[in-house]
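Below: the structure, in structure tokens.
The values are calculated or read from the model by the stated rules, or taken from the named source; none is laboratory data. Just so we're clear, the structure is a prediction, and the values are computed from it rather than from any experiment. Cβ sites come from the backbone with ideal geometry, for glycine too, and all protein chains shown count toward neighbours.
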Amino acid sequence: MDSNFPNQTGPAVATPPDTAPPANNLFPIFLKLENLRVLLVGGGNVGLEKLGAILRNSPATAVTVVAPHILPELRELAARHPKVQLHQRPYQDRDLDDKDLLFLATDDVALHRYIGAAAAARQLLTNVADTPELCDFYLSSVLQKGDLKIAISTNGKSPTVGKRLREVLAEVLPAELASVLGQMTIIRSRLKGDFAEKVKSLNAVTAELAHGPAYETPATAYWRRVATGALITFAVFIFINILSYYFTPAQAWQLVRSSGTFYTFVAVGFLAQMVDGMLGMGYGVVSAISLMSLGLSPVSVSASIHTAEVFASGASGYNHYRFGNVNKRLFRVLLLPGIAGSVSGALLLSHFGETYAGYVKPILAVYLLFLGLRIITKAFQKAAKKRKKVKNAGWLAGAGGFLDSFGGGGWGPLVTSTLITNGRTPRYVIGTVSLVEFFVTFASAFTFFTILGISHWQIVLGLIVGGVAAAPIAARLAGRLPTRWMFVGVGLMVIVWSLWALRKLL
């Protein structure tokens, strides 16, 4: 029982062991190896592998390496760890003196058996390379995410299977787990009261993660109500505007006669939202390219996309939150700067027109073209680089919101791609940016609506229907796609967006 949660319910009751022995009867433990003295016999490739495993997990371990021949690579590794001592000579029985743990990594089976017998007489635990029957313990395949460490054992049957399982878990478990453990430590230290009160408080904190939105915290419920109310309010404004200025019997009849065109708009909205929901960007690009290919004017396309995107991004953000794709800390950092940038961009565009926006978008497009190539390159790197801390994320959100309103697009490509390039997990970046996008787009659309009104409602309605239908599907896929291919998808979408923005200059 954890010392911070004392047991106040009486003495523990011993649980009788199972009658049938388990198939794998190894006892899993984690050693503080830096407090032990380790002997490694063998200086070849296997010895290098053993020493690397020891130092990778416990860099401060005192290791004595004894071998007639020592690889240069092993010498280089030892040089980086002051507590590793190298003795280039044959093994001697006195090498076992004062040692706590023994690793045998030579190709001499007879020597292994001899040293193993001497170690057993001294009650030393021994690991023998490629000889499970002589081992007192096995090395496991280890996955580490910050303070979280997972050891996988195949009972000595197949190290390859253990390695493959580690790779699968590394792909599935997000890097944010390290932050989760740190936050849980802080939460535990702040809990007050007796054991029952601490359990009650911890249950309230973790209820949403365990049971879903039905157990959401008051703060989360508040923001969900705000988002829902804002979406409904904007829908009412649009509906009133349509009834007051545009909706006539003749137009209703025309809509019925052109239902094929309406369903085309629905298909465009569905496709655009599928791309945007899975990759965190691309709604404007896909919609604009599709609608302009149908012969619609740029003005009607731009107005329709900005209005319909409020509903599509709202549905997308809600479903990303529902499926657990949102990092709440990142959400709070991006929200207010993104809204401020969006409103300021919409106000400037309304007063100065699209002339100045035409100068901004090519600069952004060139930057994103190189960023997209970098993201694709990152997807195929063998070893992931250490995640960089995203500095000035608020300024990034402000710039993204401003460019989205003033330049006609850029929130997703700029914010999503920059965060992913800095090593953030694509699933959580896409989900969080998609949720913030609703508020950013709503602020921009409401500003345009207040100043300019709304038009082309047939296109808007088709895009809304298709986008809302696609949102839950796209949000679900965003959590299931392999991380590498999400990087590739984001990179390709950034490149497509930048080339589309540069098409007039090219």
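Taking each residue of the range 164-182 that is outside the structural domain of Arg424 (by TED's automatic domain parsing) and looking for partners that are modelled with pLDDT under 70 with beta-carbon atoms closer than 7 Å, six or more apart or interchain, yields Glu171/Pro482; Glu171/Thr483; Ala175/Arg387. The residue that is farthest from Val46 (Cα to Cα), counting only those in the range 138-183 that are at pLDDT below 70 and of a type in the set (A, V, I, L, M, F, W, C), is Val180. No other residue among Ala151, Ala78 is farther than 30 Å from Ala23 by Cβ and in contact with a strand residue (DSSP E or B) (Cβ under 6 Å, 6 or more places away or on another chain) apart from Ala78. Does Gln88 satisfy the criteria of being touching a residue at least 12 places away in the same chain (Cβ under 8 Å) and surrounded by fewer than 17 Cβ atoms within 10 Å (Cβ to Cβ)? Criteria met by Gln88.
With the structure loaded, tell me whether Gly43 is in contact (Cβ under 8 Å) with a residue 40 or more places away in the chain, surrounded by 15 or more Cβ atoms within 10 Å (Cβ to Cβ) and either within 27 Å of Ser153 (Cα to Cα) or within 35 Å of the chain's Cα centre (by Cα) (or both) or whether it fails that test. Here the answer is yes, as Gly43 does meet what is asked.
Considering only residues in the range 67-85 that are within 13 Å of Gly42 (Cβ to Cβ) and of a type in the set (A, V, I, L, M), the one that is surrounded by the most Cβ atoms within 10 Å (Cβ to Cβ) turns out to be Leu74. Against the list (1) within 23 Å of Val496 (Cβ to Cβ); (2) at pLDDT below 65, the condition Ser258 fails is (1). Of Ser304, Ser313, all but one fail to be in the same structural domain as Thr441 (by TED's automatic domain parsing), more than 28 Å from the chain's Cα centre (by Cα) and either of a type in the set (Gly, Ala, Ser) or at pLDDT 75 or above (or both); the exception is Ser304. Checking each residue of the range 335-357 against the condition of being modelled with pLDDT under 75 and β-branched (Val, Ile, Thr) gives at least one match.
Ile152 meets each of the listed conditions (1) buried (at least 16 other Cβ atoms within 10 Å of the Cβ); (2) β-branched (Val, Ile, Thr); (3) closer than 27 Å to Leu96 by Cβ apart from (3). Under the condition of being buried (at least 17 other Cβ atoms within 10 Å of the Cβ) and farther than 15 Å from Val63 by Cβ, the residues counted in the range 92-125 number 5. Of the helices (runs of 4 or more DSSP H) lying entirely inside the range 13-127, the ones with 2 or more residues being farther than 20 Å from Val142 by Cα are found at 72-79, 109-121.
Remark: pairs (first residue in the range 111-129, farther than 19 Å from Glu49 by Cα; second residue buried (at least 19 other Cβ atoms within 10 Å of the Cβ) and of a type in the set (Ser, Thr, Tyr); Cβ separation under 6 Å; 6+ apart in sequence or on different chains) = Gly116/Thr126; Ala119/Thr126. When you check Val128 against the structure, is it modelled with pLDDT of 90 or more and β-branched (Val, Ile, Thr), yes or no? Criteria met by Val128. Taken over the range 128-157, the criterion of being in a loop (DSSP other than H, G, I, E, B) and charged (D, E, K, R) is satisfied by Asp130, Asp136, Asp147, Lys157.
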